[in-house]
Structure formats: C-alpha cells, structure tokens
Amino acid sequence: MPSPFPLLLNFPDEILIRVRQSLTHHSDSMSWRLVCKDFHRVDLISRKALRVRRIEFLLSLIAKFENIDELDLSVCSRINDGTVSIFVGFASSSLRRLILRRSAGLSYIGLEKVTSHCTGLEMVDMSYSWRFGDREAAAVSNCEGLKEVRLDKCLGVTDVGLARIVVGCGRLERLSLKWCLQVSDLGLELLCKKCFNLRFLDLSYLKVTNESLRSISSLPKLETLVMAGCLSVDDAGLQFLEHGCPFLKKLDISRCDGISSYGLTSILRGHDGLEQLDASYCISELSTDSIYSLKNLKCLKAIRLDGTQLSSTFFNVISVHCEYLVELGLSKCLGVTDANIIQLISRCISLKVLNLTCCHSITDAAISKTATSCLKLMSLKLESCNMITERSLDQLALNCPSLEELDLTDCCGVNDKGLECLSRCSQLLSLKLGLCTNITDKGLIKIGLNCKRIHELDLYRCLGIGDAGLEALSSGCKKLMKLNLSYCNKLTDRGMGYIGHLEELCVLEIRGLHNVTSVGLTAVAAGCKRLVDLDMKQCQNVDDAGFWALASYAHNLRQLNVSSCAVSDVGLCMMMGNLTCLQDVKLVNLNKVSVRGFDLALRTCCLRIKKVKLHASLRFMLSSETLEILNAWGCKIRWD
C-alpha cells in the first residue's frame, strides 16, 4: 500500500525533526509516532527531554532515546541511591539537565554516583527533597560545569552547603534557594564574591537582612532578583540595590512587609531598564514619588501591584509613559474604576495579560473598551467582578481572537447567553466559571461544540450543570486536561461515563457528588488513563468496587483525596498497594476503615508515599513502627 505522505517522506531528517519539535501537545506527539516507521524513527532521534513515571521502564527508555539531554525523574516515587545506577552508565555522556525534585530516598551517596558519571551536567533541580542537606550539596558541587541549581525548600541546606556549591560551581548563572530557611547573610555574601556570572537569584522567604542586599548589589550581571516574603528586608536594603546590579531587568519584592514606597522609589530611580516589577501585597499605597518614578521605565513590560491602593495619577502615568506594557496585575487593588481602566488601555494597546480579580467596581464599559483596544489580549482575570454580563463577553469574542485564558469565577452576571458569546473564542485554553450559578447545560453545550482547544475548565458549584453538558464536553473538548466539577449535584454516573471519554484528562475534582456511585468512578478510572490528581472527597456513595477500579486502572495517580468516602479496610489496602505512583493522599474521616486497616494500608506504600493527611485521633492509635517507617522515608504526616 503506498504511503499517504509521499511528499513528507522525501524530506531530509533535518526538516522532519523541525516539524516534530513544533508539536507540543502530548496527543499530537503520539499521533506523529503512529503515522509510519520513518516518523517513529524521527521521534526517537529528535527527542531531547524525557520524563519517566516508573522506575522499571527507565533503562529501556534511555536506551531507546539516545539523544536526550534532559531527564526528569521528579514523579518517580522510588528513586534512591541504588536506582540511580540504572541511568548514570547510559545517559552520562549527553545528559545536561537532571530533575530530581521530591527525591526523598536519594542521599549524598547516590548523588556522588550521579556527579561522578554525568560530568556534562549544566542544571540540577533537587527542590522539595527533604533529605537534601550540606553533604548532598557537597556532592552536587563536584559538577564544575553547573550553570543552574534549584534547591527550593531543601530545609537541610545551610551556609556550609551553599559554600560548597559556590566554591565548586564557579560558572553558576541561575540559583534558586526559595524556602531554604537555614541560609543566611553569610552564605549569600560568599555567593556574591564567587559567582560573578549569576544572572538569576531567588531568595524568597529567606531570613536574610539588608546585608544580603548589600552583597547582591555587587553582582555585575544579575538580571532577575526574586525576594518574595523576605520580611527582614526594608527600604535601606533597596537603597543598596539602587546603585548596584546595572543590568537588573526583573524584580519581585512581593509580600516584603518592611518595604515602603520610599524604598520602591529608590530602586526605580536607579534601574530605568527594569522590564518586570512585582510589588504585590507589599505597599499599601503608592506615593506620588513612586508613581512619577515609573515615568523613567520606558522598557517596562509587566507590573503587578496586587493589594495596593491606586490613584488616578498612577493610571495616567502608566498610560502615557509605559505604552509597551504587556502585563498588568491589579488584583484586589483599591481605586480601580471603569474610568481609570479606560484611560489606561487607550494607550497601552499592547496589553496581553490583565488581572482585575476582586475589582468590584469594574463593569461592562471597561471590559468592552479593553476588548476593542487590546486586540492582542491573551489572559483576562475577572473573578468576583459581579457587574460583568454577556455584553462585554460578546465584545471579547468579537475583538480578541488570541484570548486563551478567562477567569469569571463568582461573576453572577454570567449566564448561558454569555457562554454562547464566549464559544466564539476558538483559541480558549482555560475557562473558569466556578460559582457562576446562572449557567446551565445549554451554555456549556455551546462551549463544548466550539472551544476545541480548551485544556482547563472550572465548574465548581455550578448547580445548573448536568450530564447533558458533560456529553457535549466529552465529544468536543478532547484535549481537556483539568476539570473541576465539585458540588455540581445534578451529575450522575451517566455524566462520569462521558468523562471517561476524555483520554487526556490529568486532574479531576468531583467533591460532594452524592449521585455518583462506583459505576461512575469505574468509568472514569478505566477511560482516563493519564489521570494524576483525583479529588473525590465526600463522594459517599462510592464503595469498595469503585476503589478496586482505581487500583486496577489508575496507575498514574500521584495525588488522591478520598476523605469522607465509604471505603473499607480491604478497599483501602488494595488501592494503596496497587497505586505505585501515589505520593500525596488524604485519608480523613474514613468511618468504615479500622485502625488496623489504616496501619496495613500505610505499610503497603510507606516506601513511596511522601505526604499523607489523617484524622488527629489516629496519632496515638497507629503503631509506632508504622509511623517510624513513614518518618524514616521522609513522609510528612498532617494530622487534621
């Protein structure tokens, strides 16, 4: 039989590789591999990144994809010092980026194996690894060529571990230390003396003081500084930055309670090349000096001032002097009115992202004007803007062909007519309609028929939505990956059957669906094989049969909430034992499960589970041996 693609098969591999690399969606990539043997071969040689979910497939996958330079093992629950030997001998020569987030079983012994074999590594991500401390940091420092290190919430790292990385990795360009609470001014001082090539630095929520900012000001190439939630930093620290970091382009000082308008003015005065500024929940009210300092930021593309009181002067200055603005965040800001927004967007026509969450004074007038002026708008957040109706939604559909994200949560003015207007937004990827009580299946059917590209849909507490709406979604929105149906009480097993047709679905929330039984859950588990996060709290009519179906089909589940469900000892043990990828589980108020049932279920998964939520009464009932094993493997237990 002749090939249906004779022209494509005559192209050289270089062209086919470029075509293959342009496919970003998982389903498109799978379709490419199934076309013919040549396309499958091109897929093998063009793949650069590999994310492995199961350790037992790691060796065969590495052998198959010979040219990978990025390996992501963050969802592999059983990575430890022994299993790293599987890949270091095969991927060592080409590997450049290694992601080992949440690797609870990996110590300095395993990391030393990795760094001794993978000498070409340029990036290592160990974020949220509870065991990672100074000895592990010393092992990482053996990679002299490292340019990027991510250590978010590695609570065991101190100034000593940071010093080892700084001394060993002199070429470092990007470093993230978010939530590394034992790193102090001393460690950052050494960092700034040794790593002159540093371009990105994240210090969010560290207990550093102004002395750290004095050191950071000496970094000659720093472009991005993130210091959200640094409560010990104040205006004096920002004054150090005023005359330092000449190439600073992005600054995040959100939730820094010690900073006032005075400090913000000083840093704006010294960095007229700033492109992105985030001062959310930092300054209660912008002073006149701060507002006029914005005049000099001719390159400003993004500014977020969530939670700040703003005057009409601010909107006037932004509209006149920041006409290249692409993103504006005004969530929960006081002083945001229709008149101010209309004035702003009359000049800032390049705006692509606009956040007006909880700006209660905004009406159709401002949104309609935004739609007709900002034709490149891609993201619009209007949560709790209760005066929005179908009038402005019609203008968005008519004038904003690139709109991809729209948040209408708790907008009580949105109805089926509004959804019919939005259904013309063919590029829509994310739509949030939670608490929109005036929408029904009629409107949702319009979305399902026309918004074919949608990835995320939130229908939280949309009480008018039933099985007919889900039928339209399942037939039209085949690329849906995230769906929230919590407390949509009209849904039944029939609706769950339609959800089972969404093969790309990864995240599903179905809390409080009392009309759903094990039959509906079985349909979801059997059809949605890519499901990784399931929240079914208070689904009280699902019994063991439904949980057996989860155990049999949902092998990729990583997060699960079954609190207040009707599972028994047998069903819980079966589920916890079979779901080998499960890392985070909530097991509160399971009245049909005995203490022995909890004990056995936790033992079946104790080597891979990383977070578990239990009722507080079990703290003194579970065996001490079980709790010790969970603790030894880094499982965090939250007692509710």
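The values are calculated or read from the model by the stated rules, or taken from the named source; none is laboratory data. Fair warning: this is a prediction, and the values are worked out from it, not measured in the lab. Ideal geometry is used to build each Cβ from the backbone, glycine not excepted, and the neighbour counts take in all protein chains shown. Accessible surface is based on the protein model in full, side chains and every heavy atom, while ligands, DNA and RNA are left aside. Shrake-Rupley method; radii C 1.70, N 1.55, O 1.52, S 1.80 Å.
Figures for the structure shown
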{"read-out": "Residues (open to solvent by 20 Å² or more (accessible area, probe 1.4 Å), among the polar types (S, T, N, Q) and either modelled with pLDDT of 90 or more or in contact with a strand residue (DSSP E or B) (Cβ under 7 Å, 6 or more places away or on another chain) (or both)) located in region 115-151", "value": "ASN142"}
{"read-out": "Checking GLY512 against (1) assigned to a loop (DSSP other than H, G, I, E, B); (2) of a type outside the set (Val, Ile, Thr); (3) at negative phi, the condition it does not meet", "value": "(3)"}
{"read-out": "Region 604-620: number of residues that are under 16 Å from LYS537 (Cβ atoms) and at pLDDT below 95", "value": "1"}
{"read-out": "Residues that are open to solvent by less than 40 Å² (accessible area, probe 1.4 Å) and either part of a loop (DSSP other than H, G, I, E, B) or among the aliphatic types (A, V, I, L, M) (or both), drawn from region 527-544", "value": "CYS528, LEU531, VAL532, LEU534, MET536, CYS539, VAL542"}
{"read-out": "Selection count where residues are in contact with a Cys (Cβ under 9 Å, 6 or more places away or on another chain) and open to solvent by 10 Å² or more (accessible area, probe 1.4 Å), scope region 545-564", "value": "5"}
{"read-out": "Members of region 511-542 that are farther than 28 Å from ASP28 by Cα and touching a Leu at 6+ places or on another chain (Cβ under 6 Å)", "value": "LEU513, CYS539, VAL542"}
{"read-out": "Criterion violated by ALA302 - all others in (1) touching an Asp or Glu at 6+ places or on another chain (Cβ under 6 Å); (2) surrounded by fewer than 16 Cβ atoms within 10 Å (Cβ to Cβ) satisfied", "value": "(2)"}
{"read-out": "Among (1) more than 22 Å from LYS178 (Cα to Cα); (2) open to solvent by less than 10 Å² (accessible area, probe 1.4 Å); (3) not in a loop (DSSP other than H, G, I, E, B) - the single one ASP289 does not satisfy", "value": "(2)"}
{"read-out": "Hits in region 149-163 (condition: over 24 Å from the mean Cα position of the chain (by Cα) and either in a helix (DSSP H, G or I) or in contact (Cβ under 8 Å) with a residue 40 or more places away in the chain (or both))", "value": "ASP159, VAL160, GLY161, LEU162, ALA163"}
{"read-out": "Lone unmet requirement of (1) farther than 19 Å from MET378 by Cβ; (2) open to solvent by less than 10 Å² (accessible area, probe 1.4 Å); (3) within 31 Å of the chain's Cα centre (by Cα) for VAL317", "value": "(3)"}
{"read-out": "Every residue from region 361-402 that is open to solvent by 10 Å² or more (accessible area, probe 1.4 Å), within 21 Å of GLY329 (Cβ to Cβ) and in a loop (DSSP other than H, G, I, E, B)", "value": "SER361, LEU375, LYS376, MET378, GLU383, SER384, ASN386, SER402"}
{"read-out": "Leading residue by the ranking (farthest from LEU607 (Cα to Cα)) among those in region 18-43 that are open to solvent by less than 40 Å² (accessible area, probe 1.4 Å) and free of Cβ contacts under 8 Å to residues at least 60 places away in the same chain", "value": "CYS36"}
{"read-out": "Lone unmet requirement of (1) farther than 24 Å from TYR205 by Cβ; (2) over 25 Å from the mean Cα position of the chain (by Cα); (3) assigned to a loop (DSSP other than H, G, I, E, B); (4) of a type outside the set (Asp, Glu) for ILE283", "value": "(1)"}
{"read-out": "In region 337-360, residue nearest to THR389 (Cα to Cα) [restricted to those that are open to solvent by 40 Å² or more (accessible area, probe 1.4 Å) and touching a helix residue (DSSP H, G or I) at 6+ places or on another chain (Cβ under 6 Å)]", "value": "ILE342"}
{"read-out": "Close pairs from region 569-592: first farther than 16 Å from ARG608 by Cβ and in contact (Cβ under 8 Å) with a residue 40 or more places away in the chain, partner part of a loop (DSSP other than H, G, I, E, B) and not aromatic (Phe, Trp, Tyr), Cβ under 8 Å, at least 6 apart", "value": "LYS586/LYS537; LYS586/VAL562; LYS586/SER563; VAL588/SER563; VAL588/SER564; VAL588/HIS615; VAL588/ASP640"}
{"read-out": "Tally of residues being more than 20 Å from ARG97 (Cβ to Cβ), out of contact with any strand residue (DSSP E or B) (no Cβ under 8 Å at 6 or more places or on another chain) and open to solvent by 30 Å² or more (accessible area, probe 1.4 Å) across region 154-173", "value": "3"}
{"read-out": "Candidate set: region 188-209, residues that are among the basic types (Lys, Arg) and part of a helix (DSSP H, G or I); chosen: the one farthest from ARG171 (Cα to Cα)", "value": "LYS193"}
{"read-out": "From ILE79, ILE86, residue being in contact with a Ser or Thr (Cβ under 6 Å, 6 or more places away or on another chain) and either open to solvent by 30 Å² or more (accessible area, probe 1.4 Å) or not small (Gly, Ala, Ser) (or both)", "value": "ILE79"}
{"read-out": "Residues that are more than 17 Å from GLY105 (Cβ to Cβ) and buried (at least 17 other Cβ atoms within 10 Å of the Cβ), drawn from region 616-640", "value": "LEU618, LEU622, LEU627"}
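Residues checked against (1) under 29 Å from the mean Cα position of the chain (by Cα); (2) closer than 24 Å to CYS195 by Cβ:
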{"position": "ASP235", "(1), (2)": "no, no"}
{"position": "GLU242", "(1), (2)": "no, yes"}
{"position": "ARG255", "(1), (2)": "yes, no"}
{"position": "HIS271", "(1), (2)": "no, yes"}
{"position": "GLU275", "(1), (2)": "yes, yes"}
{"position": "SER287", "(1), (2)": "no, no"}
{"position": "SER293", "(1), (2)": "no, no"}
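Conditions tested, residue by residue: (1) over 26 Å from SER27 (Cα atoms); (2) more than 23 Å from the chain's Cα centre (by Cα).
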| site | (1), (2) |
| --- | --- |
| GLY434 | yes, no |
| LEU444 | no, yes |
| HIS455 | no, no |
| GLU471 | no, yes |
| SER475 | no, yes |
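For (1) closer than 16 Å to LEU274 by Cβ; (2) open to solvent by 30 Å² or more (accessible area, probe 1.4 Å); (3) outside any loop (DSSP other than H, G, I, E, B); (4) not polar (S, T, N, Q), each residue gets a yes or a no:
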| residue | (1), (2), (3), (4) |
| --- | --- |
| GLU211 | no, yes, yes, yes |
| PRO220 | no, yes, no, yes |
| LEU225 | yes, no, yes, yes |
| CYS230 | no, no, no, yes |
| VAL233 | no, no, no, yes |
| GLY237 | no, no, yes, yes |
| LEU241 | yes, no, yes, yes |
| GLY244 | yes, no, no, yes |
| PHE247 | yes, yes, no, yes |
